[in-house]
1. Evaluate the range A:77-98: report whether one residue or more is surrounded by 15 or more Cβ atoms within 10 Å (Cβ to Cβ), among the basic types (Lys, Arg) and farther than 16 Å from A:LEU144 by Cβ.
2. Conditions: (1) open to solvent by 30 Å² or more (accessible area, probe 1.4 Å); (2) in contact with a Leu (Cβ under 8 Å, 6 or more places away or on another chain); (3) away from the ligand (no atom under 12 Å from the Cβ). B:ALA93 meets all but one. Number of the miss?
3. Six or more apart or on different chains, Cβ atoms under 9 Å: show the pairs whose first residue is in the range B:4-28 and more than 8 Å from chain A (Cβ to nearest Cβ) and whose second is part of a helix (DSSP H, G or I) and at pLDDT below 90.
4. Give the range B:60-89 a look and list any residue that's acidic (Asp, Glu) and either facing chain A (nearest Cβ under 7 Å) or within 16 Å of the ligand (Cβ to nearest atom) (or both), or say none.
5. Taking only the range A:30-51 into account, find how many residues are at pLDDT below 95 and within 13 Å of the chain's Cα centre (by Cα).
6. From the set of residues in the range A:15-67 that are facing chain B (nearest Cβ under 10 Å) and in contact (Cβ under 8 Å) with a residue 60 or more places away in the chain, which is nearest to A:ARG80 (Cα to Cα)?
7. Identify all residues within the range A:138-190 that are touching a residue at least 12 places away in the same chain (Cβ under 8 Å), of a type in the set (D, E, K, R) and not in a helix (DSSP H, G or I); write none if there are none.
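The values are calculated or read from the model by the stated rules, or taken from the named source; none is laboratory data. For clarity, every value in this text was computed on a predicted model and none was experimentally measured. Cβ sites come from the backbone with ideal geometry, for glycine too, and all protein chains shown count toward neighbours. When the accessible area is computed, the model is the full protein with side chains, heavy atoms only, and any ligands, DNA or RNA have been set aside. Shrake-Rupley method; radii C 1.70, N 1.55, O 1.52, S 1.80 Å.
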Amino acid sequence: MDDTENNPRDSTALEQAIREHGPAMLAVARRLLRNEEDARECVQDAYLRAFTKSDQFDGRSTFRTWLHRIVVNSALGLLRKRKRSAVQTLDGLLPEFDANGCRIEPMWQIDEPLEKVLENRLVRDTVHQSIDKLPDIYRIVLLLRDIEGYSTEEVAQLLDTNVAVVKTRLHRARAALKRLLEPLWTGGEI
Amino acid sequence: MNPDRGVLRKLKGLLGKMPMMLTCQEFEDFVLDYFEGTLTAKENAIFKMHLLVCTDCKRYLAAYKRSVELGQNLFKEPNSPVPDDMPEDLVQAILAAKESEPELGP
Ligand SMILES: [Zn+2]
């Protein structure tokens, strides 16, 4: 790929790729890393990797999809390096059952349509903060699967684990998120 | 909790021990696959059967679904709590880093 107009080593091509995809990539990094400085480092690292190893781009996916994956990998690498959240348990956030195996579920009402609910800034902030509160191993699976849109198999690949582990973590992450969001529909304190 | 509810729970616990019936705790193991669409026809029937007799799981399932949907839609524009921008200094920093390391090894 040395003689094409789109030579990826060309800084014009790099600048174009940064301007076109940068905002979305930075948003991904911000969600995963929850820290502006790390997010910027992650995006810079991803672009440098992408444009150094652009010969590895096989054209099977779009450039954006390929770049997205590099950003995710870079973010996961940074998270491993940081090992910031020590707490990895979901104590008190998982479903509860009595001695008979019966669910203990509070009373609540979900009437409003989703779009309407999402217009509420307090709701959006609560959902955002609740996702951020999840321990990393659950938070990352939830983000990759439910928000970045990767399949269960792809998440397993990205995290170098198996599908069963991803499914268990995803379910627990969702159940814990539901628990954290309960005040929204039980009318309690957030 | 009032006593009626306690009796009801006990009955439901017994019901869960009958063939083709799940306890809520067993039901929990089916929830993810239910949303993934990966339950077998038989599992799906058993799952639905429990929902018919258990208002707690019905409420739980609705709240679980709503939580997933809130997450899935949270970062969609224009309401996303995470900004979708690209600071100019970052653009320049990346370009400068590329210039200074044109032959970055693998
Ligand atoms: Zn139940």
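1. no
2. Going through the list (1) open to solvent by 30 Å² or more (accessible area, probe 1.4 Å); (2) in contact with a Leu (Cβ under 8 Å, 6 or more places away or on another chain); (3) away from the ligand (no atom under 12 Å from the Cβ), B:ALA93 breaks only (2).
3. Note: pairs meeting the criteria are B:MET21/B:LEU15.
4. Result: B:GLU69, B:ASP84, B:ASP85.
5. 1
6. A:ARG34
7. Correct list: A:GLU148 only.
Per-residue answers, yes or no, for (1) more than 10 Å from the ligand (Cβ to nearest atom); (2) part of a helix (DSSP H, G or I); (3) in contact with a Leu (Cβ under 6 Å, 6 or more places away or on another chain):
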position	(1), (2), (3)
B:LEU11	yes, yes, no
B:MET18	yes, no, no
B:LEU22	no, no, no
B:GLN25	no, yes, no
B:LEU32	yes, yes, no
B:THR38	yes, no, no
B:ASN44	yes, yes, no
B:LYS58	no, yes, yes
